[in-house]
Amino acid sequence: MRPAYWTILLLLMSNVFMTFAWYAHLRDLSTKPWFIAALVSWGIALFEYLLQVPANRIGYQELSLGQLKILQEVLTLTVFVPFAVFYMKEPLKLDYLWAGLCLLGAVYFIFRGD
């Protein structure tokens with residue numbers, strides 16, 4: 001499998017951990033002190049980094065730094081929207097579509113030939 005595919009797969013999994021580390025405590029640990037939420041989040045974030053660091057190293061074989069960053073942002077939104085809607089019970093907003101379209105523009109500009 002090409003390095004870019006491994007990168008996408010690893011970054012997608014990394015983003016799941018990242019999203020839970022950053023936001024799940026708002027629902028699940030809202031009654032706990034903030035430092036408990038921070039410790040739990042750091043524990044979850046460790047798994048994010050165990051996937052994200054190799055993903056970026058693999059991806060950097062084929063992709064530029066800017067391409068890696070924009071890919072990360074696209075995957076972040078791809079993971080965040082279902083998380084917000086299904087886990088956090090937030091309403092699905094049209095703003096997510098507009099944000100996605102803006103990211104498509106970013107993808108176009110960062111991945112087009114020089």
Legend entry - Selected residue (criterion: surrounded by the most Cβ atoms within 10 Å (Cβ to Cβ)) from residues of segment 2-44 that are outside any helix (DSSP H, G or I) and not basic (Lys, Arg): Leu29
Inset, instruction - Please identify the pairs in which a residue from segment 2-24 that is of a type in the set (S, T, N, Q) and modelled with pLDDT of 95 or more has its Cβ atom under 8 Å from the Cβ atom of a residue that is surrounded by 17 or more Cβ atoms within 10 Å (Cβ to Cβ) and not in a helix (DSSP H, G or I), counting only partners at least 6 apart or on another chain. - result: Thr7/Leu63
Inset, instruction - Can you work out which of the residues in segment 50-76 that are out of contact with any Gly (no Cβ under 9 Å at 6 or more places or on another chain), free of Cβ contacts under 8 Å to residues at least 60 places away in the same chain and β-branched (Val, Ile, Thr) is nearest to Leu104 (Cα to Cα)? - result: Ile70
Legend entry - Residue among Pro82, Pro91, Pro54 that is assigned to a loop (DSSP other than H, G, I, E, B) and out of contact with any Lys or Arg (no Cβ under 9 Å at 6 or more places or on another chain): Pro91
Legend entry - Pair list, Cβ < 7 Å and 6+ apart or interchain, from segment 90-109 residues that are closer than 24 Å to Tyr23 by Cα to residues that are not polar (S, T, N, Q): Glu90/Ala84; Leu92/Val85; Tyr96/Val81; Ala99/Leu77; Gly100/Leu77; Leu103/Glu73; Leu103/Val74; Leu103/Leu77
Inset, instruction - Test Leu94 against the criterion of being of a type outside the set (Gly, Ala, Ser) and either under 18 Å from the mean Cα position of the chain (by Cα) or surrounded by 13 or more Cβ atoms within 10 Å (Cβ to Cβ) (or both), and give yes or no. - result: no
Inset, instruction - Just one of (1) loosely packed, with under 13 Cβ neighbours inside 10 Å; (2) within 12 Å of the chain's Cα centre (by Cα) trips up Thr76, so point out which. - result: (1)
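The values are calculated or read from the model by the stated rules, or taken from the named source; none is laboratory data. Keep in mind the model is a prediction, meaning the values are calculated, not measured. Cβ sites come from the backbone with ideal geometry, for glycine too, and all protein chains shown count toward neighbours.
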